[in-house]
Amino acid sequence: MTRFIGRHGRGVLGLVIAALVVVAAVAAPLLVAQDPLQSDFALGLKPPGTPGHPLGTDQLGRDLLARVLYGARVALFIGLSCVLLTAVVGGLAGLLAGYYEGWFGAVVMRVADVQLSFPFILLALTINAIVGLGLRNIIVSLSVAGWVVYARVVRGEVLSVKEREFVHAAQALGLGRARLLFRHILPNVAPSIVIVASLQFAQFIVAEAAISFLGFGVQPPTPAWGSMLSESRDYLYVAWWLAAFPGAALALTALGINLVGDWLRDVLDPRFRV
Amino acid sequence: MSALTARARSASRSGIWGCCAQEAPKPADTGSLYSSGRARRRARPGIGYTPGVRAYLLSRLGQTVLVVFLSLTAVFFLMRLGGDPVLLFLPMDIQAKDLSEFRERLGFNDPVAVQYGRFVGRAIRGDFGESLRYKQDALGLVLERLPATLYLALAALGLTFLVAVPVGVLSAVRRGSLFDFFGMGAAVLGQAVPGFWLGLMLIYLFSVQLGWLPTGGTGSARHFVMPCVVLASFYAARMARITRSSVLDTLNEEFVLTARAKGLAERMVIAKHALKNSAIPIVTLAGLDTGQLLGGAVITETIFAWPGLGRLTVQALLNRDFPVVLAAVFIFSVTYTLINLVVDLLYGWLDPRTRTRAAGT
């Protein structure tokens with residue numbers, strides 16, 4: 001038991017943190033009575049510890065605890081949507097690009113080259129500025145910027161897997177292409193997809209917050225951590241809690257997911273241990 | 001051909017930028033997820049192999065030009081997809097009469113193919129048009145802001161090395177010690193804390209509460225401190241972890257055993273034998289990071305009102321100043337690919353084995 005914790009300690013810690021965030025997101029209405037959008041001008045900028053407002057209130061008198069907890073919903077929703085979208089689209093593109101090395105593979109890799117000649121955050125930001133603001137568009141922007149990672153990783157794996165004997169054997173048996181791709185090759189590259197997904201998850205959440213922080217992405221009054229931090233800048237001199245708590249929630253979420261990701265990678269792919 | 005950088009960049013993608021919490025890619029030569037067996041066999045050519053080097057450089061430059069051209073094209077058409085470009089270019093409260101006049105003047109009545117041709121023709125000569133906000137040449141404006149960003153990125157890179165490499169090496173050498181525990185704990189934490197939040201907290205502590213440092217702007221060395229720390233934090237955390245694991249790998253190699261067996265002092269074993277051989281993953285990461293630092297600078301510059309390219313780009317995007325956006329995209333893309341080229345060349349210098357296949361791919 002102690003050995004288990006010793007080896008998997010970080011994973012357990014990460015899972016606990018991640019579970020806390022999920023509970024906060026799912027059970028937000030049960031945990032706090034206040035509506036995160038309900039403003040009360042008489043109670044603006046109250047510090048933490050004010051009766052009824054454990055984390056204080058923001059400039060419009062909205063309960064900060066409620067906003068932070070509901071913010072977890074927005075963050076997890078965006079993170080999950082992006083990870084699912086990119087894993088499916090990027091994974092499929094990589095699978096096909098690796099299997100059919102012809103023009104399709106070349107086009108996918110060329111697109112990846114272009115996308116990767118840019119810092120990720122800048123790419124997502126530019127796309128978001130052009131396609132427009134809001135929850136749906138930020139998911140689209142992050143996914144468009146992020147799918148190439150899966151495409152590249154999966155393609156690389158497929159290139160080596162498809163030369164292995166069991167694939168040749170399956171081909172010799174006359175299996176259809178779809179069956180070969182999805183029943184024989186896909187399971188062998190699936191661990192890589194899971195690892196990339198776990199690495200990308202936190203990244204998407206932080207990227208969304210960063211983009212919203214810059215004034216794009218999710219717009220007020222939706223309680224997203226990034227836009228809350230953005231608003232908090234104007235009140236930094238008088239209300240530190242507006243910056244402290246949403247950011248801490250964001251960092252904690254990223255920490256939990258990263259720890260789980262590290263652990264998953266250790267377990268699934270020992271080559272990759274840090 | 002492109003597989004050379006492909007591998008490095010695919011790793012970079014998993015790493016990404018400024019404020020994201022993300023695990024570092026293990027560079028290819030240690031056999032990572034990101035390199036298939038096939039990719040691993042393709043060695044990096046580098047300096048010192050004269051016959052192939054010119055051809056290699058030429059093909060890499062050609063590739064750079066192609067990638068930059070394609071990314072400009074992508075942004076150009078994205079802008080056209082984003083609705084009526086005139087509405088994008090102009091403020092909301094514009095009069096209808098002015099609108100049609102602007103449309104004519106900016107050439108939006110022509111077919112898209114014609115507009116694209118005109119754009120390419122001008123871009124080749126470095127003419128991206130005039131900034132709609134500053135009424136200056138867009139490329140000139142961008143180039144004017146570039147040095148501030150490069151200084152910041154270089155300072156952050158220097159800080160990253162100064163902190164991360166000693167911490168990583170010591171943690172590896174004293175594996176399992178308290179130093180290792182706290183050092184790596186701090187690194188895991190550093191990777192999770194978003195740069196823009198760290199920035200806000202530092203401003204609160206050092207500017208608002210203590211009054212030691214200015215909240216933003218440039219001018220003195222003191223202005224450099226917080227932006228530099230914020231920009232470096234994530235990369236330093238990641239580099240410390242990579243350094244540690246790379247040194248640990250090297251310490252298990254036979255030549256280290258040999259060095260110890262012949263009675264070298266442990267200090268010499270580490271400094272002369274282990275560290276030099278652990279350098280490749282560290283340089284890979286540094287190269288990837290220098291590119292990503294440019295992305296991180298976008299956020300850091302905004303927080304600290306740093307007059308660099310990142311802040312200009314964000315403002316241009318907010319103001320829909322698309323000539324400036326295009327010029328910035330151009331410069332970012334060129335800088336980023338050039339950094340990748342330099343990193344590839346450094347390999348040949350660090351690891352002569354990789355020279356043998358120069359220009360062979």
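The values are calculated or read from the model by the stated rules, or taken from the named source; none is laboratory data. No experiment lies behind these values; they were computed from the predicted model shown. Backbone-built Cβ (ideal geometry, glycine too); neighbour counts: all protein chains shown.
Some observations on this one:
- Helices (runs of 4 or more DSSP H) completely within region A:104-188 that count 1 or more residues being more than 11 Å from chain B (Cβ to nearest Cβ) and under 29 Å from B:SER333 (Cβ atoms): A:135-161
- Taken together, the residues in region B:147-181 that are over 17 Å from B:PHE224 (Cβ atoms) and part of a helix (DSSP H, G or I) amount to 14.
- Checked against the criterion of being away from chain A (no Cβ under 14 Å) and loosely packed, with under 14 Cβ neighbours inside 10 Å, region B:183-194 contains not a single residue that satisfies it.
- Test: residue in region A:217-228 that is at the interface with chain B (Cβ under 7 Å from one of its Cβ atoms) and either of a type in the set (Gly, Ala, Ser) or farther than 19 Å from A:VAL89 by Cα (or both): no
- Within region B:85-129, being at pLDDT below 80 and either hydroxyl-bearing (Ser, Thr, Tyr) or in contact with a strand residue (DSSP E or B) (Cβ under 7 Å, 6 or more places away or on another chain) (or both) holds for one residue alone: B:SER100.
Let's see how each residue does on (1) within 27 Å of B:GLY211 (Cα to Cα); (2) within 14 Å of another protein chain (Cβ to nearest Cβ); (3) surrounded by fewer than 17 Cβ atoms within 10 Å (Cβ to Cβ); (4) not basic (Lys, Arg):
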{"site": "B:LEU251", "(1), (2), (3), (4)": "no, no, no, yes"}
{"site": "B:LYS262", "(1), (2), (3), (4)": "no, no, yes, no"}
{"site": "B:ILE270", "(1), (2), (3), (4)": "no, no, no, yes"}
{"site": "B:LEU285", "(1), (2), (3), (4)": "no, yes, no, yes"}
{"site": "B:THR290", "(1), (2), (3), (4)": "no, yes, no, yes"}
{"site": "B:LEU293", "(1), (2), (3), (4)": "no, yes, no, yes"}
{"site": "B:ILE299", "(1), (2), (3), (4)": "yes, yes, no, yes"}
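- B:LEU132 fulfils the conditions (1) crowded, with 16+ Cβ neighbours inside 10 Å; (2) more than 14 Å from every other protein chain (Cβ to nearest Cβ); (3) in a helix (DSSP H, G or I) except for a single criterion, (3).
- Screening B:VAL247, B:VAL229, B:VAL208 for residues that are touching a Leu at 6+ places or on another chain (Cβ under 8 Å), surrounded by fewer than 18 Cβ atoms within 10 Å (Cβ to Cβ) and among the hydrophobic types (A, V, I, L, M, F, W, C) leaves exactly one candidate, B:VAL208.
- Condition check for B:THR335: surrounded by fewer than 21 Cβ atoms within 10 Å (Cβ to Cβ), at pLDDT 80 or above and under 19 Å from B:LEU146 (Cα atoms): yes
- Unique residue being of a type in the set (Val, Ile, Thr), closer than 14 Å to A:PHE201 by Cβ and in contact (Cβ under 8 Å) with a residue 40 or more places away in the chain when the list is A:VAL238, A:VAL218, A:VAL260: A:VAL260
- Filtered residues of region A:84-112 (kept if closer than 23 Å to A:GLU163 by Cα and within 25 Å of the chain's Cα centre (by Cα)): A:GLY90, A:GLY91, A:LEU92, A:ALA93, A:GLY94, A:LEU95, A:LEU96, A:ALA97, A:VAL108, A:MET109
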